[in-house]
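Notes follow the structure.
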Amino acid sequence: MSLHNISHFGYIDTQELQLLYLGEMELHNTTVQLDLNFENTSIDEDKFSLIQQFIENIRIHDLTNKKYILENYEDENEDAVIDYINHHIKTLPTDDLVTLTGAHSKSNEKPQLLMKKLKLARVGMYPQDKAFAVFDYSLGTGLSEYVIAVNTDENGNLLSIFMEG
């Protein structure tokens, strides 16, 4: 038995892993759901240390991911983030859109205002996959089933961004 206390998850035995562990953390006055997913029943100690380090740096990864999201939004050759924003401008009930963007916002201001409202809702970690982590960004729980998913490697480097629902 090799027990390790992992932030937000508690004690985990690296030689008798479950498939899924659930946790949560507070970030910018928002509860972020965390899940840790394994394909095998054991993992080596180095990889497990990497998981702990990654969790401790979620705040930093969040800031980096927001830059990735903004770059995607501003890149005319990319469409994930702009499609997400435009989808919500078209489909959100007027009251919700006004709550997010303000009663006096102009049509051309709404996309940028919605971009500022994106918050990290979930971090799924998959230490045995190339896409080590999936960060889900949302305009708010209950507003939409769609998220901006940012896939990164174990160092937080961008692999992909897409809209998922």
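Here are a few things to note about the model shown:
- Elements of type strands (runs of 3 or more DSSP E) contained in the stretch 66-165, each with 3 or more residues being open to solvent by less than 20 Å² (accessible area, probe 1.4 Å): 119-125, 133-138, 147-152
- Some residue of the stretch 3-18 being at pLDDT 95 or above, under 27 Å from residue 118 (Cα atoms) and hydroxyl-bearing (Ser, Thr, Tyr): no
- Within the stretch 1-43, the set of residues being touching a residue at least 24 places away in the same chain (Cβ under 8 Å) and among the charged types (D, E, K, R) comprises 16, 35, 39.
- Filtered residues of the stretch 32-65 (kept if within 16 Å of residue 124 (Cβ to Cβ) and open to solvent by 60 Å² or more (accessible area, probe 1.4 Å)): 33, 39
- Among the residues of the stretch 117-153, those that are among the acidic types (Asp, Glu) and at pLDDT 95 or above comprise 136, 153.
- Within the stretch 20-65, tally of residues that are of a type in the set (A, V, I, L, M, F, W, C), over 12 Å from the mean Cα position of the chain (by Cα) and outside any helix (DSSP H, G or I): 6
- Residue match in the stretch 142-160 (condition: touching a Ser or Thr at 6+ places or on another chain (Cβ under 7 Å), of a type outside the set (Ser, Thr, Tyr) and without any contact (Cβ under 8 Å) to a residue 24 or more places away in the chain): yes
The values are calculated or read from the model by the stated rules, or taken from the named source; none is laboratory data. Bear in mind that the values here come from a model prediction, so they are computed numbers and not experimental data. Here Cβ is always computed from backbone atoms with ideal geometry, including for glycine, and neighbour counts include all displayed protein chains. Heads up: the accessible areas ignore ligands, DNA and RNA and are worked out on the full protein's heavy atoms, side chains in. Shrake-Rupley method; radii C 1.70, N 1.55, O 1.52, S 1.80 Å.
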